[in-house]
Every structure is written in structure tokens, then in C-alpha cells.
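Structure record follows, encoded as C-alpha cells.
The values are calculated or read from the model by the stated rules, or taken from the named source; none is laboratory data. Because the structure is predicted, anything quoted here is derived from the model rather than measured. Methodologically, a virtual Cβ is constructed for each residue, glycine included, from the backbone with ideal geometry; neighbour enumeration extends over all protein chains shown. Calculation scope for accessible area: heavy atoms of the full protein, side chains included, ligands and nucleic acids excluded. Shrake-Rupley method; radii C 1.70, N 1.55, O 1.52, S 1.80 Å.
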Amino acid sequence: MDPDDAYDEHLRDEMPWTEVVRTLEGLGWTRCGTGDWAVAFRSPSGRLAARISPFDPAGPYSAMLYRRAAHTGQVPVLVDHRVLEGGSDLTVMEYLAPVSEAEGAAFHRSIDAREPAVAALAGHIHEVHARGAREQPWWGPLDDNPANVMRGSDGRLVVADLFYADGPSLYATVRADPDRIVRDYPEHLRRHMTELPLASSGGWPDGDAERMRQALAAADARAAAAPARRQDARPGR
């Protein structure tokens, strides 16, 4: 790691994601992108990028893919991945440059067809995606957005951010059935789920995030009270 990019000794896993952002900014990392789920920063040397999401169940699976498929050279070089306080997600990897939409779409087609040049990568992608589908209650299909294909500083094509949670269905259920969300995601893994930047979608409607927080807090309270109610209902009490 370039000495200019040093960050590790300044971060702690118990930091809220907003404090991680402030820490990186204080170290000279600059914001280089904001999406619906995450914000991205480029390191002072320009060699690394950090992706920080308040809530991203897919983040650990992307990191898993980058580790498993590293030998192919067709995924980003992973420097660090951490699940932070409250389930927020930090991924640090090599900085990547965009490619044309046509080039990105063609690379996705080659993966889908399991062409020989990407066969090993495709195998890892489908293995990790299948694991996510088994383990995660709100799991989306593979993301074939051409923008997910990028180029490393050495010129090779890589694919990133293929996995995601089904946000529209997930957040519709937060509003309609928060008790189900509490069953699916323990509080310590979704503490910041109403803090997504939603830069591409235009943000939360007025008051929506606060209503969801209140609904989830009430559902957490009901879940916490349930064992006591069962205990009181035992025969002989």
C-alpha cells in the first residue's frame, strides 16, 4: 500500500459509517461517486477506492467473490473488507476506470455464455451468488449493468458489484411488515438501513425514513417482549 493511502490504523470496526467517511476525508480521500447503496472515495495516491454502504447484505459476498476469483485477474484486487458497526459495509480495492457501455455489455455476455476466457470467473460468480441466495432472505439476480465492468490500471477488464439485495421489495416490506424484517435481519446488522444515500433514485420521500425507523423500533420492542410473554404463559405460572 502506498504510504499516502494509509488508513487502517485510523479505523475501528465499531465506528459508525459516517465516522468512517469523516476519517477517510480527513486523511485526504476524496469522494468519487455516490449511488443508491453506497458512497465511494479515491485514495490520495489515486491507486485505491473505498466503497462505504450504511447497509448492504451483498457486500460480504462481493468481497468473497473478489477473494475466490483473484487468480483470474478479472475481479478487482481486494485490499480490505469489513462489516462495520450496525451492519455497515466497507470495501477497499484497487481504483478502476470506466469502460464503454458496449464493452461492458460484451463482457457480461461472455460471462453468461461461460466463454473459455472467463469460464473460471463465471463458475465463481455462480457459486457465490447461489450461496447468497441460500443465506440471504432478500436476494436479487445477478446484476448485468454494463457499468459494473471496469478497467484496472494495468488495462485488464474486471467485473464488480454483481450481487445485491432486492431493495424495492425489501423496503416495501419494511413499510408493510416490519416484524418480518426484524425476523430476517437482527438489529445489529440493519441499524443504518434507512440511511442509504439513494442518489440515483432521488432520496427518501419526506418523513419516510423516520417512519421506517419508528416502525422497526416498535417491531424490535415486540420481538424483545415475546420471550417474556412465552415465559409467563408456561403452565403452572
> All but one of (1) out of contact with any strand residue (DSSP E or B) (no Cβ under 6 Å at 6 or more places or on another chain); (2) in a loop (DSSP other than H, G, I, E, B); (3) of a type in the set (A, V, I, L, M, F, W, C) hold for ALA219; which doesn't?
Replying inline: (2)
>> Within segment 2-29, take every residue that is among the acidic types (Asp, Glu) and open to solvent by 50 Å² or more (accessible area, probe 1.4 Å) and give me the one that is modelled with the lowest pLDDT.
In response: ASP4
> When you look at ASP154, is it among the charged types (D, E, K, R), under 30 Å from HIS10 (Cα atoms) and without any contact (Cβ under 8 Å) to a residue 12 or more places away in the chain, yes or no?
Replying inline: yes
> Across segment 96-135, what is the number of residues that are surrounded by 14 or more Cβ atoms within 10 Å (Cβ to Cβ), outside any helix (DSSP H, G or I) and touching a helix residue (DSSP H, G or I) at 6+ places or on another chain (Cβ under 9 Å)?
Replying inline: 2
>> Can you tell me which of (1) open to solvent by 50 Å² or more (accessible area, probe 1.4 Å); (2) more than 30 Å from PRO186 (Cα to Cα); (3) touching a residue at least 60 places away in the same chain (Cβ under 8 Å) is the one TRP37 doesn't meet?
In response: (2)
> Taking the condition open to solvent by 50 Å² or more (accessible area, probe 1.4 Å), free of Cβ contacts under 8 Å to residues at least 60 places away in the same chain and part of a loop (DSSP other than H, G, I, E, B), does PRO168 pass?
Replying inline: no
